[in-house]
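Step one of this worksheet: look at the structure below.
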C-alpha cells in the first residue's frame, strides 16, 4: 500500500494533500468530530492521505475512524511506538498538565514519511469550517513551518514575557503548534528532529508548552505566520466573523465548559457523528471542582513561567548563545544547529 501511495505521489504530487493527526484512545471521539468537519468542507479536487499517529489504538475505536474513509480520503493509523521508544523516558519526564506523549509525535513526521515534502499537522480538538486545501496551499517559501500566532500566549502578560525571555521570540511570532503547515524538506535540511533529540537527551530544560516550545525555539526565524482564522482559539477576544478552523485549545473546551466561544460548530459536527449525547453527558459529569482545578493549573503555569523568566538556565539563555557561536563556524551554514557536525554540549 505504501509503495502505491509513493508512486501516486510521484506521478501526481499536486493532487495529494498529506494530513497528520496524533492521538491516544481517549481522544478518538474528538478525532471523529475533527475528521467529519474536515471531510465535509474539503475540496473534491484533491486526494487526502490522512495518517493518525498513535502508540496503539483499541481496534473497535480505530474502526470508527477508519470507516470514515471516502473515495478521496485515505485514513490509516500508524503505530509510532518503536520510533519514539529510544526517547520515551526523556519525553515522559518533560510532559506536564494536559500534555500527552502523543503531542510529541509531530516532531518525527519528517523522518518517518520521507515520501512527503509538505504536509499538514492538525490537533484533534478542532472543527474545520473551510476547505483545508486552502491552508495546505499557502506558500511557505524556504520556511520550515507555517503557523498562527498563539492566542494563549498573546492573552497573558506573563506568557508574552515568557516568549521573549525563555524562547527568545517576540510574542507576535510565537505560534501555536496545534495547526501546522510543515515544509518537511526544510525540516530535514535544518536537522530539526536531531536537534530536538540532542536537546532532550543532554539538557533538562523546563518549559510550559513542551513540544510547542521546542518547535518555536528550533524553527525561530524560519516560520511563516498565517492568519489566525486558520487556528482560532475559543477566546472571547473581540474576534468577529466565522473562522476557517476553530481550535478548542488549553481549557476552553465545550465538552467540559459552558458558554465556550464557537461551541455551536463543535455541537453541529458532534451530532453528525452521533456523539452529541456522549459529549453532553461528558460535560454534565465534569465537576465544578475540576473546572476550578483547570483554572488553578493556569495560575500554576504562570508562576512557573515567571520562575523560568528569572532563571539563568532557561533554553534561550543557555542555547541561543551557542547557536550564535555555531553560526560563525564555516561548516554550519544553517541558522539551526547542524547535528551531523557536532553537539550542543
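Where a number appears in this text, it was derived from the coordinates with a stated rule and is not lab data. Note that this is a predicted model, so its numbers are computed, not measured. Reconstructed Cβ throughout: ideal geometry from the backbone, glycine too, with neighbour counts over all protein chains shown.
Per residue, the convex hull spanned by the alpha carbons of the stretch 133-290 comes to 155 Å³.
Potential lengthening of the chain between residue 83 and residue 276 amounts to 65.9 nm, from the contour at 0.36 nm per residue minus the alpha-carbon distance.
Estimated purely from DSSP H runs of n ≥ 4, each contributing -39500 (n - 2.57), the mean residue ellipticity at 222 nm for the chain is -12000 deg cm²/dmol once divided by its residues.
Mean sequence separation of contacting Cα pairs (under 8 Å, at least six apart), scaled by the length of the stretch 86-239, corresponds to a relative contact order of 33 percent. The label-point distance for residue 134 and residue 283, in a model that sets each label 7 Å from Cα toward Cβ, rounds to 2.7 nm. Separation of the stretch 9-78 from the stretch 247-267 is 22 Å, based on Cα centroids.
For a test of the definition: using alpha carbon positions, the gyration tensor, and the 1.5 limit on a/c, classify the stretch 248-321 as rounded, prolate or oblate.
On the way: a/c = 4.25, a/b = 2.33, b/c = 1.82.
It comes out prolate by the Cα gyration axes.
Each Cα pair under 8 Å and six or more residues apart adds its sequence gap; the mean of these over the residue count of the chain is a relative contact order of 19 percent. Relative to the current alpha-carbon distance between residue 74 and residue 311, full extension at 0.36 nm per residue lengthens the span by 80.6 nm. What is the diffusion coefficient of the stretch 12-66 in µm²/s, taking the Kirkwood radius over Cα pairs and the Stokes-Einstein relation at 25 °C with a viscosity of 0.890 mPa s? Diffusion coefficient, whole number: 201 µm²/s. Taking the square roots of five times each eigenvalue of the Cα gyration tensor of the chain, the equivalent ellipsoid has semi-axes of 30, 26, 19 Å, listed largest first. Among 31-40, 115-124, 271-280, sorting by the average number of other beta carbon atoms lying within 10 angstrom of each residue, highest first, gives 31-40, 115-124, 271-280.
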